[in-house]
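So the structure is just underneath, and the comments pick up after that.
The values are calculated or read from the model by the stated rules, or taken from the named source; none is laboratory data. Just so you know, these numbers come straight off a predicted model, no measurement behind them. Glycine gets a Cβ as well: all are built from the backbone with ideal geometry, and neighbour counts include every protein chain shown.
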């Protein structure tokens, strides 16, 4: 399909084009690479701009084809406040593209995506492929969308407190679920590593951790462990009037911290008062947990910190069985002072087994289960 617009039609919509295209280019991206009187001006998989026979032609390669009969000479644009000398062919090209979008109301993506396909969801969510086409998209929050677990998956998939989406919504709207001591009613609120999920109605508390295979797991808490959480310090900065503050991995900003706190250290945060209770320095000999990469979920003692010019800073870690591995510094989270962790760890306590050891462990657990029956 071909549509032809004369000069009067284009001049009529030019003011609207400039208002709608201010600050962004709909089709054209980058700087103008000069102008030739005849021949191809710009070309991509979506459009082509030609200058032939003294006319400027814009052709869309999507659903429709457009042909604009605009002369390449100077146009009279007094209504727009431009003189004859200011009107350039590149300006006309931009206006023509905008007219095409306005006349046919082509949809241009704006803002964040509102949906998430199940096949594109993080693997550590453990979603089955046949459970539907879509997955819950995490809301904006303290954790990255790839490093969090929405509340709907915690209540429905992990804890089995609900069977459907509506049941999860009903539980949350009754204010039964707390994350880090605060009521959360958003079904897609992102709970991340070290967050404490509490359900006062059943007197249960869980901490979001990684298992040895890098998957999210909910570790049940006992005693008074649910009253605090560990936070990794991302940076130490100075704000207005020289006020010092620290930024943590979960989006917190704490002002007037201890001057001895540095980046990569871990603080113990009291969830009731939101104040720093203690500090764990990022030093050799402390126990750490890996939160990213192929070794996610492994726990060991920090052995060495190595700086490499022009590359990532790496650390060497040794687990309880004597196995050594290396990872990036940004993937390491200090969880205790010395060899003793300050938080309880899930099953296997972050020790990765080889194939033979896993087979023996499964056989032993199976035998013990049959004996109990």
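Scanning the stretch 117-158 for residues that are touching a strand residue (DSSP E or B) at 6+ places or on another chain (Cβ under 7 Å), touching a residue at least 24 places away in the same chain (Cβ under 8 Å), within 23 Å of residue 213 (Cβ to Cβ) and part of a loop (DSSP other than H, G, I, E, B) yields 127, 136, 138, 143. Return yes or no: is residue 208 touching a strand residue (DSSP E or B) at 6+ places or on another chain (Cβ under 9 Å), within 30 Å of residue 354 (Cα to Cα), at pLDDT 95 or above and not in a strand (DSSP E or B)? Against the criterion (touching a strand residue (DSSP E or B) at 6+ places or on another chain (Cβ under 9 Å), within 30 Å of residue 354 (Cα to Cα), at pLDDT 95 or above and not in a strand (DSSP E or B)), residue 208 does not qualify.
For the stretch 239-261, the tally of residues that are more than 21 Å from residue 189 (Cα to Cα) and either outside any loop (DSSP other than H, G, I, E, B) or under 25 Å from the mean Cα position of the chain (by Cα) (or both) stands at 8. The requirement of being loosely packed, with under 12 Cβ neighbours inside 10 Å and more than 25 Å from residue 207 (Cβ to Cβ) is not satisfied by residue 123. Annotation note: Cβ proximity below 6 Å between a residue of the stretch 339-356 that is at positive phi and a residue that is surrounded by 14 or more Cβ atoms within 10 Å (Cβ to Cβ) and in a loop (DSSP other than H, G, I, E, B) (sequence gap 6+ or interchain) occurs for 348/212; 350/298.
Matching residues to (1) surrounded by 13 or more Cβ atoms within 10 Å (Cβ to Cβ); (2) under 16 Å from residue 194 (Cα atoms):
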| residue | (1), (2) |
| --- | --- |
| 307 | no, no |
| 327 | yes, no |
| 339 | no, no |
| 344 | yes, yes |
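All told, residue 312 falls short of being under 24 Å from residue 213 (Cα atoms) and either out of contact with any strand residue (DSSP E or B) (no Cβ under 7 Å at 6 or more places or on another chain) or assigned to a strand (DSSP E or B) (or both). For the stretch 316-343, a residue qualifies if it is closer than 15 Å to residue 212 by Cα, at pLDDT 95 or above and not in a strand (DSSP E or B), and exactly one does: 331.
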